[in-house]
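What follows is a set of notes on a single structure, which appears directly below.
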Amino acid sequence: MLSIFIIILNISISILIAKITKDNNIIKISNLTLTGLFFFSILSTLFFLILPSEATFLYYVGVTDHFIVFILLFCILGNAVGMTINYLFGRILGERILLYMFKEKNFYKYKDIIDRYGGYMIFFGNIFPGPIEFIAVFYGGFKFSYKRYIYLAMIGRLIKYLLLFTAFVFYWDQITFYYNEILSFFKTLMFWK
């Protein structure tokens, strides 16, 4: 039942992405608007989609004329919405699945570990690359404090984007050699013009 729900959700999100990128009357991700960045940031943080939010951030910084504060703001807000959806998905369905996966004895053992040390994982997981979007479902299932979760996740994301921006601005000459190859790959992936 859950797998059917995830498949239907994934197909509907894929159709939404195709609609967003092809229909000029919707959000205009392909025209590099801040609204498009916001919605792409939401989609890139959903646990069942694998989309590169970091590459999109750097693309907007390098190609558009938008002020960096607005790019950061729209990325962070979009990420907050996407991470909230992941957390709520785990909160609604996760505990039953986690009890089934870990058995009751181990469930409470892991819940205690998450309650004690989970903040570090959220914070550093959002700074460094990794499957933190998928792990957010577990945090919801373990009923980790939402306020603490979203605060640490967004501070980690802000630090990540500031580090990326710093590397992009001050170390551009070293990055340029690889940038065009990587950028062309993501352009074809995201249907950008």
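The values are calculated or read from the model by the stated rules, or taken from the named source; none is laboratory data. Every value quoted in this text rests on a predicted model; they were computed, and no experiment measured them. For neighbour counting, all protein chains shown are included, and Cβ atoms are generated from backbone atoms with ideal geometry for every residue, glycine included. For accessibility, only protein heavy atoms count, side chains too; no ligands or nucleic acids. Shrake-Rupley method; radii C 1.70, N 1.55, O 1.52, S 1.80 Å.
A few points about this structure:
- Of all residues in the stretch 86-101, those that are among the aromatic types (Phe, Trp, Tyr) and surrounded by fewer than 16 Cβ atoms within 10 Å (Cβ to Cβ) total 1.
- Complete set of residues in the stretch 42-73 that are touching a Gly at 6+ places or on another chain (Cβ under 7 Å) and more than 18 Å from residue 131 (Cβ to Cβ): none
- Tally of residues being at pLDDT below 80 and not aromatic (Phe, Trp, Tyr) across the stretch 94-114: 10
- Residue count, the stretch 121-167 (criterion: of a type in the set (S, T, N, Q), touching a residue at least 24 places away in the same chain (Cβ under 8 Å) and farther than 18 Å from residue 74 by Cβ): 0
- Boolean, residue 77 is open to solvent by 60 Å² or more (accessible area, probe 1.4 Å), in contact with a Phe, Trp or Tyr (Cβ under 8 Å, 6 or more places away or on another chain), in contact (Cβ under 8 Å) with a residue 24 or more places away in the chain and part of a helix (DSSP H, G or I): yes
- Residues of the stretch 43-66 include none that is open to solvent by less than 40 Å² (accessible area, probe 1.4 Å), assigned to a helix (DSSP H, G or I), modelled with pLDDT under 50 and out of contact with any helix residue (DSSP H, G or I) (no Cβ under 6 Å at 6 or more places or on another chain).
- Residues that are in contact (Cβ under 8 Å) with a residue 60 or more places away in the chain and not in a helix (DSSP H, G or I) are absent from the stretch 81-101.
- Taken as a whole, the structure places residue 144 among residues that are buried (at least 18 other Cβ atoms within 10 Å of the Cβ) and outside any helix (DSSP H, G or I).
Residue-wise test of (1) among the aromatic types (Phe, Trp, Tyr); (2) in contact with a Gly (Cβ under 6 Å, 6 or more places away or on another chain); (3) buried (at least 19 other Cβ atoms within 10 Å of the Cβ); (4) at pLDDT 85 or above.
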site	(1), (2), (3), (4)
130	no, no, no, no
165	yes, no, no, yes
173	no, no, no, no
192	yes, no, no, no
